[in-house]
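Asker: Okay, here's the structure, questions in a sec.
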Amino acid sequence: PIIYAITPTYARHVQKAELTRISQTLMLVPNVHWIVVEDSEDKTSLVSNLIADSGLKVTHLVAKTPPFEKLQAKDPRWKRHRGVEQRNKALLWLRSNLQLNTDKGYVYFMDDDNVYSIKVFSEIMKIKKVGVWPVGLVGGLNVETPILDPETGKVKAYKSGWKPNRPFAIDMAGFAINLDLILEKTDANFSYKMEKGFQESQFLSYFTKKEDLEPLADNCTKVYVWHTRSEKPLVNGVVVGYEV
Ligand code: UGA
Ligand code: MN
């Protein structure tokens, strides 16, 4: 089976640093197919060159966020959904290029700015339908995690800094899905219509129920992924925002 890792990415000063880190993590994973989706009109040479250098198996796509939906430098980051267009483009690619019952694998949404231990990929390989695990440094907490019922070992609630009562209070980095489900449920996509902060929850609702989630990473006691974010750097003494 192949792990299809979907990474939206957009141009800003830290982009090459972020993509260098994530691509070099993926170089340590034997069976990965990286789907990189640039938030731009055309493929950029920065991303094309980085992909070529990596030697990874990569599908390189573009999907530009419409101007109205695009986060502006002055906006607080929660104001707009991020990565919607790009993840949908990758899902469409999977559904157009892979075949149910022939192609086997998993789908994992890997934002370009997080930090991933290679251990998360061995956990993904254990998934039957939908696997979940803790995510470090997210939602104002040291760690967000599914809470397991000690009797049944199943997910009964979530420890989350923000709306823990969401049907699935899990960050994008905290779950992966069997490719079969992605190929079966062709209407499951991300959407601007979703309530802010509900992308993960609503997407997961297409595939599973809380009771059926498969807790991984040692029954959700280990952290193998961190929701990090590089601060906007100083360039020539000025803090630079979204535009390069
Ligand atoms: C959190 C979640 O971890 C994201 O998975 C989720 O998409 C986002 O909230 C949301 O609610 O929309 P956060 O760290 O705030 O993530 O978002 P970013 O890391 O800035 O963006 C997520 C992904 O979208 C990244 O891979 C980023 O490169 C990409 N992105 C961001 C674009 O392609 N275009 C943009 O204009 C901004
Ligand atoms: Mn992020």
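The values are calculated or read from the model by the stated rules, or taken from the named source; none is laboratory data. Just so we're clear, the structure is a prediction, and the values are computed from it rather than from any experiment. Because the Cβ atoms are built from the backbone with ideal geometry, glycine has one as well, and the counts that use them run over all protein chains shown.
Asker: Can you tell me which of (1) touching a residue at least 40 places away in the same chain (Cβ under 8 Å); (2) away from ligand 2 (no atom under 16 Å from the Cβ); (3) surrounded by fewer than 17 Cβ atoms within 10 Å (Cβ to Cβ) is the one Ser40 doesn't meet?
Answerer: Exception for Ser40: condition (1).
Asker: Go through the stretch 113-142 and report how many residues are over 22 Å from Val36 (Cβ atoms) and β-branched (Val, Ile, Thr).
Answerer: 4
Asker: Here is a follow-up. Would you check if Val143 is within 16 Å of ligand 1 (Cβ to nearest atom) and closer than 11 Å to Val225 by Cβ? It would help to see each step written out before you state the result.
Answerer: Values: within 16 Å of ligand 1 (Cβ to nearest atom): yes; closer than 11 Å to Val225 by Cβ: yes.
Answer is yes for this residue.
Asker: Further, regarding this structure: From the set of residues in the stretch 144-183 that are without any contact (Cβ under 8 Å) to a residue 24 or more places away in the chain and buried (at least 17 other Cβ atoms within 10 Å of the Cβ), which is farthest from Gly105 (Cα to Cα)?
Answerer: Ser160
Asker: For the stretch 210-220, which residues satisfy the criterion of being touching a Leu at 6+ places or on another chain (Cβ under 9 Å) and either free of Cβ contacts under 8 Å to residues at least 12 places away in the same chain or outside any helix (DSSP H, G or I) (or both)?
Answerer: Leu213, Pro215
Asker: Residue check, Thr65 against (1) among the hydroxyl-bearing types (Ser, Thr, Tyr); (2) under 15 Å from Phe190 (Cα atoms); (3) in contact (Cβ under 8 Å) with a residue 60 or more places away in the chain, all met but one. Which one?
Answerer: Of everything listed in (1) among the hydroxyl-bearing types (Ser, Thr, Tyr); (2) under 15 Å from Phe190 (Cα atoms); (3) in contact (Cβ under 8 Å) with a residue 60 or more places away in the chain, Thr65 misses just condition (3).
Asker: Next question, about the same structure. Answer yes if at least one residue in the stretch 107-127 is more than 30 Å from His60 (Cβ to Cβ) and either within 12 Å of ligand 1 (Cβ to nearest atom) or surrounded by fewer than 20 Cβ atoms within 10 Å (Cβ to Cβ) (or both), and no otherwise. Quick ask: steps written out before the conclusion?
Answerer: The first filter runs over the stretch 107-127 and keeps only residues more than 30 Å from His60 (Cβ to Cβ), leaving none.
No, the stretch 107-127 has no match at all.
Asker: Which residue, of Ile35, Ile2, is within 24 Å of Lys104 (Cβ to Cβ) and buried (at least 20 other Cβ atoms within 10 Å of the Cβ)? Walk me through it before giving the result.
Answerer: On the way: Ile2 fails: buried (at least 20 other Cβ atoms within 10 Å of the Cβ).
Unique residue meeting the criteria: Ile35.
Asker: Could you list, ordered by first residue, the pairs with Cβ atoms under 6 Å in which the first is in the stretch 184-209 and assigned to a loop (DSSP other than H, G, I, E, B) and surrounded by fewer than 17 Cβ atoms within 10 Å (Cβ to Cβ) and the second is small (Gly, Ala, Ser) and at pLDDT 95 or above, at least 6 apart or interchain?
Answerer: Partner pairs satisfying both residue conditions: Tyr206/Ala188.
Asker: So which residues in the stretch 95-130 are out of contact with any Ser or Thr (no Cβ under 9 Å at 6 or more places or on another chain), of a type outside the set (Phe, Trp, Tyr) and within 17 Å of Leu19 (Cβ to Cβ), if there are any at all?
Answerer: The answer is none; no residue qualifies.
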